[in-house]
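Here is the structure we will look at, set down as C-alpha cells.
What follows is calculated from the coordinates using simple rules that are stated; it is not laboratory data. What you see is a predicted model, and the numbers here were worked out from it, not measured in a lab. A quick note on method: Cβ atoms are made from the backbone with ideal geometry, for glycine too, and the neighbour counts reach across all protein chains shown.
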Amino acid sequence: MPDTHAPDGDNLTRWLEELSQAVAISGHEQELARWVAERLGSWCDEVRQDPLGNVIGVRRARPWKDAPCPPRVMLAAHLDEVGLVVSRIERGGFLRVLPVGGVNPQVLMGLVVQVHTREGALPGVVGFLPPHLLSREEMGRFPRWDDLFVDTGLPEEQVRARVGVGDLVSVRPCSLRLLGGRLAGKALDNRAGVAVLLECMSRLARMGHAAEVYAVATVQEEVGLRGAVTGTFGVVPDVGVAVDVTFARQRGVGESEAPAELGRGPVVARGANMHPKVTQRLLEVARAHGVPHQVEVIPGRSGTDAWAMQVSRSGVATGLVSVPLRYMHSPVEVVDVEDVRQAGRLLAHFCAELDAEFARSLLDWGVGA
Amino acid sequence: MTQAQAAPQPQAQRPLQPQPQPSPPGQAPSERFSRLRECLELLCPLPGVSGFEGPVRERVAQLIRPFVDRWETDPLGNLLAWRYGPDGPQQPGPVVMLAAHMDEVGLVVSGFEGDGTLRVRPVGGLDPRVLVGKAVRVGASRLAGVIGVRPIHLQKPEERRRAPEPEALVVDIGAAGREQAEQAVQVGDPVVFEAPFLVLGERRVLAKALDDRVGCCVLVELLRERYPVTVVAAFTVQEELGLRGAQVAAFRADPHLGLVLEGTVGADVAGVEPHHEVTRLGAGPALSVLDQASIASPPLVAALVRVAGRRGIPFQWRRTGAGGNDAGAIHVSRAGVPTASVSVPCRYIHGPAAVCDLADVEAAVELVQGFLQEEAAPLLQRWRRHGSEGG
Amino acid sequence: MQGEAPARDSLAEAIRRLAELVGPSGREEAVREAIREQLSELADRVWSDPLGNLFARREASRQGGAGGRRVMVTAHMDEVGIMVTHIDEKGFLRFAPVGGLSPSLLVGQHVRFVGGVTGVVGREPEEEGKDLRHGQLFVDIGVNSAEEANRLVQVGDAACLWRPVQRLGQRLSGKAMDDRVGCVVVLEALRRLAESPHEVVAVFTVQEEVGTRGARPAAFQVAPELALAVDVTPAADTPKARPLPVALGKGVAIKVKDNSVISHPGVRRWMVEVAERHGIPHQLEVLDFGGTDAGAIHTTREGVPSGVLSIPTRYLHTPAETVDLEDVEAAVKLLVRLLQEPAPF
C-alpha cells in the first residue's frame, strides 16, 4: 500500500476532534489517559501507566522480536491541557478561579465554560463588567485574575452544595472544521501531538522495526514537564523524541517569532536540546520519504518534554517534532490535519529505520576511543 | 417624575435577600415558562447583526403569524404586526406600539488579508476584549471561523494586560490565502459569536444575543392574546446603530403610546457594590425612569407600577441613567408618543453569551399583559380628555 | 484582652521549643539534633544523609495487605534567613538572603546567628523613588571593628530572624512556624500512631526554602509509594487579602495545587474522605504560587502519588508567622488517621 495514503483519512480528523473535546487538565488526565491507552492497545504489545499517570505503550521489535537489547526509542506527546481551578466561592455564588498552567487570561472574558463537580459538569460563563462601570483606563486593560469570576447562574446555596474549592473549570468543548482540512478547537496543544502518536503507531503496525518503540502520552507538561521527568526515568530510552506543537505564523506573529507555516508539514527542531544526529536523521528520513517538513531553531530551552527527557538518568539523545499551530493556549487553536498526518508518517519511518548502530553512533562524538 | 411618585416599593429597593422565587424548585414550570424558554432557544442562536436581521425576521414572522390580524415589512426591514382591539380594523381605537429589536451587536467582514484571514469591523458597541479567542460564524452559510490571539508565550509583559486594538483582530476561516478566502466569503458578510444555548439550573438561560431576543420573545408571547386596545408589534432593526429601525417603525405605526421591551444590563455580580448593579437577576423586570435617550412617561410608568402592585408582580427600578433604547426614537415620533420601557435584566450583555432569569421574562410578560388588559385603554381615554402630561 | 488559653498547652510547648531554634537553610543542625532526640523512642531506625536530611523508619506494625505502602512523610527543618557575605572595617555585616525574605521586612529586626550571636538589621538612608534592596541593609552586632566582628562571626555564617514565640489565645505567633509546626505535626503523629499497615518513613528535610533541595535526594533514597508532606500555607482571611480559599482556624488544609505540585487526585480524595469520616475539620487549598517538598518528591524516579497537609498561617516569612493550635491539632489527627488506614488507590 502506498504510504502517502492515509490508513483511514477520516479517522485522523475524528481522533483530533475527540481528543480536542476531551477534558484533561494537568494533574487530572485519567479519563483521557484511558481513551489513549485503549487506542494504543491495538498496536502495542503492552500498555501500562506509571505512578504519575503517564500512559506507556510498548511495541517490541519485529520481526526481530527476540534480538537481545534492541535500541529503545521513546516518543512523548503530552496529554494535558491548561485550565482553571475554583479557588473560592464568593457571595452570590460566583466562583473565583486560578490558572492551572499557562492560561492566557485574555481569552476568558465572556467565555462559556464547564465546572467539573463531583456530580458532573455544570455550564457557566466567565463574567465581566459592563462598560459604564469601568473607567477608560480599565476598559483598556484585561481584568486581573483576582477580578475574574465564573457565573453558573445557580442560586448561591446550590452552588455551595455542588461546587467545591479545587473543582476544575475547562473551556466548553467546541471544535470547528475550517476550510481546507483545518481544525479549530481547544487543547489542540497538544492533542495534535497525541494524534501524531496514534497515527505513527497505526502506521508502524504495518512496518518492520529493529527498535523497541515506546509511545508515551505524558501528563503534567503544562505545569513544568513533570510527566516527562518520571516517564523517561521509567522507560530508559536510547532515543527520545518529543512530539508537540509550535508557533505557526498568524496575524501579528511574523517570521521573527514563528518558525513555521500552517500546512507546510511537521517542524523538526535544531538546537542544544536536540541531539544533532537525531535531528539530522529526522531530516534525512523526511527527504527520503517525501514528507513535507520545516525546520525551526531553538537555541536554548525548548519548553517541551524534550527538555526534561534529555537530562533523565545519565542522559538521552533527544529530538523534537512539532505540529504548527496558531493561537496557542486559546480555546480556538488551529491546526492543519495534513501536518498531523505527515508528522505521523515521519515518525513511523524514523522509528522503522532506527537500529542498534544508529543508537551506538549517538554516543560517538568523534573524539576517538 | 421622581421615583418617589411611584407608590409601591419595588423589589430592588428593599434589602436584597432573600430572592423572590416565582417558580419554586420542584414545581412544574408553567406552560408560559416553557414556551418562553423554547422561544429563546429558537431566536437566540440565529445570526442577526444590525442590518442583517433576516434569519430573525423570518423566524419571528413564522411564530406570530397565527396570532396577528395583519403584518408587513418596511424599507429598512422592520417587521410590524397588528392585533386589533375587539372592534376590528375598522375601529382600531387606541393603538399601543410594543417594540423589541431583532438586531444584535457583531462584526462585519470589511476585507481580506494576504494570509487568508478576514478583516472585520464592529457593528454596534462591542468591547474588543470579549472578541479575543472566540469562535464565530461568518455569513449566511454560517462558515466557521475563529478570532485568534498572540500566544501568551510570545507576549511581552506590557502586552499581557493591554486591550487589543480592534483592527488587530481578524477572523481566521482556515483559508490558505486570500484567493481561497475570497471564494468563500464576501465583503459585507456579517459575523456573529458561536455560542451554545444552555439552561442553567431551573430558571436561567445562557445564550448569545439575549439583548434583545429576550424582548422579541416577550413580544411574541404577548401577541397570543387580544386586548381592549389595538397592539402594533414592532420587531425593529438597527437598534444597536442608533435606534434607526424604531424611528421609522413608530412613524408607520403612529401609536398613541409606546412600550419598549428590552434586555438591559444586570451587573449583580462578584465585586460590584449594590448601588452599581443597575438591575438584579431574579428580582423582576426593570422599569426605567430615564436613560440617555429618553425620559419615561411618568403616567405610563405609574400605570405599570399599579399593575404590578395589584397583581403581585415583582419589579425593580433600572438604577442608572446610562444607555438608551428604542424608546428614544419612539417618544419623539410625529407629534410625540408617551413611551416607557420594560426590561429584562441580563448579565454580560454584548458578550458572546449573556445570562438572564426566565422568571424575570415571565414576569415581564405578565406586567405588560396586565397593563394592556387593564390600564392602557382607560389611560388613553383620560389623555384624550386632559392631555397626556396630566397623568 | 485575649480569651482563656484552651488546652493545647503541650502542643504549643512543642512548637515553641522547635520554632525558637536557629535553623536557616543549610544550617539546620540545632533543629536536627532536637528532633533526633525525640525520634529515638518513636522509630525503629533513625539516620541522616549527606545533605543533612533526617530519616526515621517504622516498620508496618500489622500486615496491611493490598493497602499497605511505603509512605514517606515529610516536614522541613529549615527556615528563611540571611548569610554573611562581607564584614566592613567598622564591623558591620553585609549579607545575602537565604530563601524568600523581603528587604523591607528585615529593617529593625533582631537576627540570631547559629552559635548564638545576636544582631540588629540597619539600613542605609532611603534613596528616593527606589525600592529597598538587600544590598542596602547591614547587621550591627555591637562591635566597632572588623577584628572584633570576626571573633564572633565569619563570612558564610547564617542567621535567622529572632523573636520569641507569643501565645495569642489559641494561636501561636513567632518566627519559623514555617515549618517547625510541620515538624511537630509529624513527631506528634508518630507519637500517637499505635499501629499502621504502612512502612512509614518520616523525613525531616533540609533546604526547602531555597528550592526543595533536600527532599529530592531524600525521596530518591526512600523510593516511596506514597508521600505526604506537611507544611504551612498562607491564610487569606485578613483585610483586603487576595481571594484565596484558606482561613485560619477552619481546620487543616488539604492541598489541591500550588506552583510545585498538583496533588494526586486519588490521594486528595482519600484525604478528604478520611477527614470527613472522622469529623476532622479541614478545608481545601488552591494556590497559584509557592511550593513544598511534595513538588520535588512527586517527580522522583517513576513518580510518587503525593498529597500535602497544610497548616493555615498568617504573615508568612515574617517574624510573626501565626497559626491556630486547633488547625495544628486537626493536622495531627488527620495524619494519624491516614497512616492507620490502608491506601485505597
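Do the sum for chain A: with -39,500 (n - 2.57) for every DSSP H run of n ≥ 4, divided by all residues, what is the mean residue ellipticity at 222 nm, to the nearest 500 deg cm²/dmol?
Value at 222 nm, helices only: -8500 deg cm²/dmol.
Express in whole angstrom the spacing between the alpha-carbon centres of the stretch C:100-130 and the stretch B:72-102.
About 80 Å separates the Cα centre of the stretch C:100-130 from the one of the stretch B:72-102.
In the stretch A:183-248, which trypsin sites (Lys or Arg not before Pro) fall in coil by DSSP and have 14 or fewer other Cβ atoms within 10 Å?
A:Arg206
Which three extents, in angstrom, do the Cα atoms of the stretch C:183-290 have along their principal axes, listed largest first?
43, 36, 26
Ranked from highest to lowest mean number of other Cβ atoms within 10 Å per residue, what is the order of the peptides C:92-101, C:232-241, A:230-239?
So the peptides C:92-101, C:232-241, A:230-239, ranked by packing, come out A:230-239, C:92-101, C:232-241.
Largest first and in whole Å, give the semi-axes of the stretch B:275-338's equivalent ellipsoid, each being the square root of 5 times a Cα gyration tensor eigenvalue.
22, 17, 8
Calculate, in nm to one decimal, what C:Ala96 and C:Glu276 gain on full extension: separation in residues at 0.36 nm each, minus their alpha carbon distance.
60.3 nm
Between the stretch A:321-353 and the stretch A:17-88, what is the separation of their alpha carbon centroids in Å?
17
How far apart, in nm, are the 7 Å Cα→Cβ label points at C:Gln221 and A:Glu38?
Distance between the two pseudo-spin positions: 4.5 nm.
Modelling each spin label as a point 7 Å along the Cα-to-Cβ direction, I'd like the A:Val295/B:Gln186 distance in nm, to one decimal.
Roughly 4.7 nm, to one decimal.
Grab the eigenvalues of the alpha-carbon gyration tensor for the protein assembly as shown, scale each by 5, take roots, and send me the semi-axes largest first in whole angstrom.
Equivalent-ellipsoid dimensions as semi-axes: 59, 40, 26 Å.
How much space per residue, in cubic angstrom, does the convex hull of the C-alpha atoms of the stretch B:268-375 take up?
110
Using the Cα atoms of the stretch A:91-196 to build a convex hull, what is its mean projected area in square nanometres?
Mean projected area of the Cα convex hull: 9.1 nm².
For chain A, give me the percentage of DSSP beta bridges that are antiparallel, rounded to the nearest 5 percent.
DSSP beta bridges in chain A are roughly 60 percent antiparallel.
Positive end of the dipole of chain C, charges at C-beta (+1 Lys, Arg; -1 Asp, Glu), about the Cα centre: which of C:Gly119, C:Leu161, C:Phe92 has its Cα farthest in that direction?
Of the listed residues, the answer is C:Leu161.
If I take all pairs of Cα atoms in the stretch C:227-345, what percentage of them are more than 25 Å from each other?
Pairs farther apart than 25 Å: 18 percent.
Report, in degrees rounded to the nearest 10, the 0 to 90 angle that the Cα long axis of helix B:54-64 makes with the longest principal axis of chain B.
It works out to around 30 degrees.
Contact order normalised by length for chain A, with contacts defined as Cα pairs under 8 Å and 6 or more residues apart; what percent is it?
Over chain A, the number comes to 23 percent.
Rg and Dmax in Å for the stretch A:1-153, alpha carbons only: what are they?
Taking only Cα atoms of the stretch A:1-153, I get Rg and Dmax of 21.9, 74 Å.
Treating only the Cβ of Lys, Arg, Asp and Glu as charged (+1, +1, -1, -1), what charge dipole size does chain A show about its Cα centre? Round to the nearest 20 debye.
Dipole of chain A, to the nearest 20 debye: 160 debye.
Contact order normalised by length for chain C, with contacts defined as Cα pairs under 8 Å and 6 or more residues apart; what percent is it?
It comes to 23 percent, rounded to a whole number.
Place a +1 charge on the Cβ of each Lys and Arg in the stretch B:237-391 and a -1 charge on the Cβ of each Asp and Glu, then give the dipole magnitude about the Cα centre in debye, rounded to the nearest 20.
540
Checking the a/c ratio against 1.5 first, then a/b against b/c, what shape does the Cα gyration tensor give for chain A?
prolate
Which whole DSSP H helices in chain A pass both tests: a Cα extent of 15 Å or more along the axis and a mean Kyte-Doolittle value no lower than -0.5?
A:30-41, A:188-204, A:276-288, A:337-352
Antiparallel DSSP bridges in the protein assembly as shown: what percent, to the nearest 5?
Approximately 65 percent, going by the DSSP bridge assignments.
Would you mind checking which residues have amide H under 5 Å from A:Arg270's amide H? H placed 1.01 Å from N; only 5 or more apart, or other chain.
Hits under the 5 Å cutoff: A:Glu296, A:Val297, A:Ile298.
Could you please state, rounded to a whole Å, how far the C-alpha centre of the stretch C:31-55 is from the C-alpha centre of the stretch A:195-263?
44
Check each of the trypsin sites (Lys or Arg not before Pro) in the stretch B:261-356 and keep only those in coil by DSSP with at most 14 other C-beta atoms within 10 angstrom; list them in order.
Counting only loop positions with at most 14 other Cβ atoms within 10 Å, the trypsin sites (Lys or Arg not before Pro) in the stretch B:261-356 are B:Arg334.
Below 8 Å between Cα atoms, with a sequence gap of 6+, how large is the relative contact order for the stretch C:198-257 in percent?
17
If I fit a long axis through the Cα atoms of helix B:210-222 and take the longest principal axis of the Cα atoms of chain B, what angle between them do I get, 0 to 90°, rounded to 10?
Taking the Cα atoms of chain B, the angle to B:210-222 is about 40 degrees.
Peptide A:87-99: average number of partner chain Cβ atoms within 10 Å per residue?
What the average comes to for A:87-99 is 5.
Evaluate the charge dipole of chain B about its Cα centre and quote only its size in Debye, nearest 20, assuming +1 on the Cβ of each Lys and Arg and -1 on the Cβ of each Asp and Glu.
In debye, rounded to 20, chain B gives about 680.
Report the per residue volume, in Å³, of the convex hull enclosing the C-alpha atoms of chain C.
Hull volume normalised by residue count: 144 Å³.
GluC sites (Glu not before Pro), restricted to the stretch C:146-235: which are DSSP loop and have at most 12 other Cβ atoms within 10 Å?
C:Glu195
Straight-line reach from C:Lys240: which aspartates and glutamates have a Cα under 17 Å away, not including same-chain ones fewer than 8 places off?
Straight-line reach from C:Lys240, under 17 Å: A:Glu90, A:Asp146, A:Asp147, B:Glu273.
Rounded if a/c is under 1.5, else prolate if a/b is larger than b/c, else oblate: which is chain B, with a ≥ b ≥ c the root eigenvalues of its Cα gyration tensor?
Prolate, because a/c is 1.5 or more and a/b exceeds b/c.
For chain C, with a Gaussian network of springs between Cα atoms less than 10 Å apart, report the residue from C:Thr299, C:Thr313, C:Thr322 with the top mean-square fluctuation.
For chain C, modelled as a Gaussian network with Cα springs under 10 Å, the answer is C:Thr299.
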